[in-house]
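**Student:** One structure, pasted below without further comment.
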Amino acid sequence: MTQQGAVLQGYNNELVKCIEDLCLQKEELNKQIQQAEEEKNKLQHEIQVLSEQLECVCENLALKVASRNELDKILAETEAAYMKILDSSRTLLNVLKKEVGSLKHTAELKSN
């Protein structure tokens, strides 16, 4: 019976050792879980901050694009008006040259 008690004591010691090892593994896993949760929370906070920054950049970009589009419109209208002025100036110059030419021709005829 003593031998069976010794075997039983050996089993008991192994069982206690296994339970202690499992407890140590659980503690280590709990530490890893806690670190992972802290990292997750940190990343979620960073995502939130970056999302807010992205929203501000997008709003700013939209305002700048709208301003650029308005400037494009103003430039197109100004260039069109300027082209009309150039065309009118060319026409006026041509008319003036004809008139000056006619005056010279008329003056030459009168002097002969």
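The values are calculated or read from the model by the stated rules, or taken from the named source; none is laboratory data. Fair warning: this is a prediction, and the values are worked out from it, not measured in the lab. Cβ sites come from the backbone with ideal geometry, for glycine too, and all protein chains shown count toward neighbours. Just the protein is used for accessible areas: all its heavy atoms, side chains included, with ligands, DNA and RNA removed. Shrake-Rupley method; radii C 1.70, N 1.55, O 1.52, S 1.80 Å.
**Student:** Let's test the formula: R0 of 41 Å, r as the Cβ-Cβ distance of residue 29 and residue 67. What FRET efficiency results, to the nearest 0.05? Before the final figure, lay out the partial values.
**Tutor:** On the way: r = 56 Å, r/R0 = 1.37.
Result of the calculation: an efficiency of 0.15.
**Student:** Turning to a different aspect of this structure: Please work out how much length the chain gains when fully extended from residue 2 to residue 20, using 0.36 nm per residue of separation minus the C-alpha to C-alpha distance, in nm with one decimal.
**Tutor:** That works out to 3.8 nm of additional length.
**Student:** Heavy-atom accessible area per residue, region 66-112, 1.4 Å probe: how many Å²?
**Tutor:** Using a 1.4 Å probe on heavy atoms only, each residue of region 66-112 averages 95 Å².
**Student:** Can you pull the percent of the chain's accessible area that's carbon plus sulfur, 1.4 Å probe, other chains left in place?
**Tutor:** Details: 6540 of 10670 Å².
Summing carbon and sulfur atoms, their accessible area is 61 percent of the total for the chain.
**Student:** How much accessible surface does residue 20 have with a 1.4 Å probe, in Å² rounded to 10?
**Tutor:** 100
**Student:** Just tell me which lysines come within less than 25 Å, Cα to Cα, of residue 84; anything on the same chain fewer than 8 places away is out.
**Tutor:** Those lysines meeting the cut-off are 73, 97, 98.
**Student:** Compute the long axis of helix 2-111 from its Cα atoms, compare it with the longest principal axis of the Cα atoms of the chain, and write down the angle in degrees, 0 to 90, nearest 10.
**Tutor:** Between the helix axis and the principal axis of the chain, the angle is about 0 degrees.
**Student:** Pop the C-beta distance of residue 98 and residue 78 into the FRET formula with R0 = 22 Å and round what comes out to the nearest 0.05.
**Tutor:** Efficiency at R0 = 22 Å is approximately 0.10.
**Student:** Also, quick follow-up: So, for region 1-58, what is the accessible surface per residue at a probe of 1.4 Å, expressed in square angstrom? Don't skip to the answer; put the middle values down first.
**Tutor:** Values: 5560 Å² over 58 residues.
On a per-residue basis, region 1-58 sits at 96 Å².
**Student:** Now, a different point. From the helices alone, meaning DSSP H stretches of at least four residues, give me the mean residue ellipticity at 222 nm for the chain, per-run term -39500 (n - 2.57), in deg cm²/dmol to the nearest 500.
**Tutor:** -38000 deg cm²/dmol
**Student:** Whole-Å semi-axes of the chain's equivalent ellipsoid, largest first, each the root of 5 times a Cα gyration tensor eigenvalue?
**Tutor:** Ellipsoid semi-axes (Å, largest first): 105, 12, 6.
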